[in-house]
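So the structure is just underneath, and the comments pick up after that.
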Amino acid sequence: MTSSDSPEPTPTPDRPTYQDRAYRSMAGIVTGVLLIALSLWLGGDAVFRGSGRTPWLTLAALLAALPLLAAFTIRPAVYAGEARLRIRNPFRTITVPWAAVEHLRAGYSTEVIAGGKRYQLWAIPVSLRARKRVARQTARAATATARQSSALNAPEIPARAWSDQAVDELRDLAETHAADPAAQGEVTVRWAYEVLAPMATGIVVLTVLLILG
């Protein structure tokens with residue numbers, strides 16, 4: 001006697017997962033490191049060699065300034081995974097599931113529109129100079145290509161500016177994963193208290209010292 005139960009289907013392997021893509025401005029990071037190093041050098045000199053209230057005023061100023069410098073230069077980053085886009089701006093971290101993305105654009109700044117609101121991507125700055133440079137290179141390459149007698153010797157047309165390439169990649173990810181179950185949900189925003197708290201403390205201490213002085 002044979003069983004009427006149908007054989008169980010062979011499970012299909014899950015789609016491979018990949019690490020999140022990270023987008024950061026190297027120019028901003030280098031600038032931030034240099035400014036922080038300069039601030040520590042000058043501030044340390046004032047702390048160890050200053051007299052009276054100077055060391056305390058310097059410490060309070062450093063406590064207020066260093067988080068601000070780091071927030072605008074080192075902190076900004078954009079992480080794009082298979083389920084969501086995570087935007088780390090100077091004072092906030094915005095998590096946007098791909099299904100919530102309405103539009104991504106790079107005009108004078110890089111922005112994502114999600115949930116009826118607009119969020120700027122600080123880590124992907126738009127450089128008009130880079131766009132003009134790429135446009136000139138593209139025009140020269142196109143002219144040279146038209147003059148080539150053989151297509152095998154045609155030069156490669158330069159790619160787009162980095163910010164435009166990044167937005168194109170993010171658009172592709174949004175279109176590819178918008179229907180995934182893991183990519184559903186609402187936009188969430190978290191304030192960067194690790195930046196705001198020390199900065200506010202430094203401002204308060206500096207204000208009190210100036211008033212008492």
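Take segment 97-115 and flag every residue that is β-branched (Val, Ile, Thr) and closer than 15 Å to Trp162 by Cβ. Step through it out loud before you land on a result.
Within segment 97-115, the subset β-branched (Val, Ile, Thr) is 101, 110, 112-113.
Scanning segment 97-115 gives a single hit, Thr110.
Of the numbered criteria (1) surrounded by fewer than 21 Cβ atoms within 10 Å (Cβ to Cβ); (2) under 30 Å from Leu212 (Cβ atoms), the one His103 fails is (2). Those strands (runs of 3 or more DSSP E) of segment 9-119 in which 1 or more residues are at pLDDT 90 or above and among the aromatic types (Phe, Trp, Tyr) occupy 21-23, 77-80. When segment 18-32 is examined, which residues are found to be more than 20 Å from Leu85 (Cβ to Cβ) and out of contact with any Ser or Thr (no Cβ under 6 Å at 6 or more places or on another chain)? Met26, Ala27, Ile29, Val30 - these are the residues of segment 18-32 that are more than 20 Å from Leu85 (Cβ to Cβ) and out of contact with any Ser or Thr (no Cβ under 6 Å at 6 or more places or on another chain). Checking each residue in segment 52-71 for being among the charged types (D, E, K, R) and without any contact (Cβ under 8 Å) to a residue 12 or more places away in the chain picks out no residue at all. Screening Ala123 against (1) in a loop (DSSP other than H, G, I, E, B); (2) open to solvent by 50 Å² or more (accessible area, probe 1.4 Å); (3) not polar (S, T, N, Q) leaves a single unmet condition, (2).
Identify all residues within segment 188-213 that are assigned to a loop (DSSP other than H, G, I, E, B) and open to solvent by 40 Å² or more (accessible area, probe 1.4 Å); write none if there are none. Before you say what the answer is, go through the steps one by one.
Of segment 188-213, the ones assigned to a loop (DSSP other than H, G, I, E, B) are 192, 213.
Listed by number, the list holds a single entry, Gly213.
When residues in segment 29-84 are screened for being under 30 Å from Ala183 (Cα atoms), open to solvent by 20 Å² or more (accessible area, probe 1.4 Å) and not aliphatic (A, V, I, L, M), 6 of them pass.
The values are calculated or read from the model by the stated rules, or taken from the named source; none is laboratory data. Every value quoted in this text rests on a predicted model; they were computed, and no experiment measured them. Neighbour counts run over all protein chains shown; Cβ positions are idealised from the backbone, glycine included. Please note that ligands, DNA and RNA were not included when accessible areas were found on the heavy atoms of the full protein model with its side chains. Shrake-Rupley method; radii C 1.70, N 1.55, O 1.52, S 1.80 Å.
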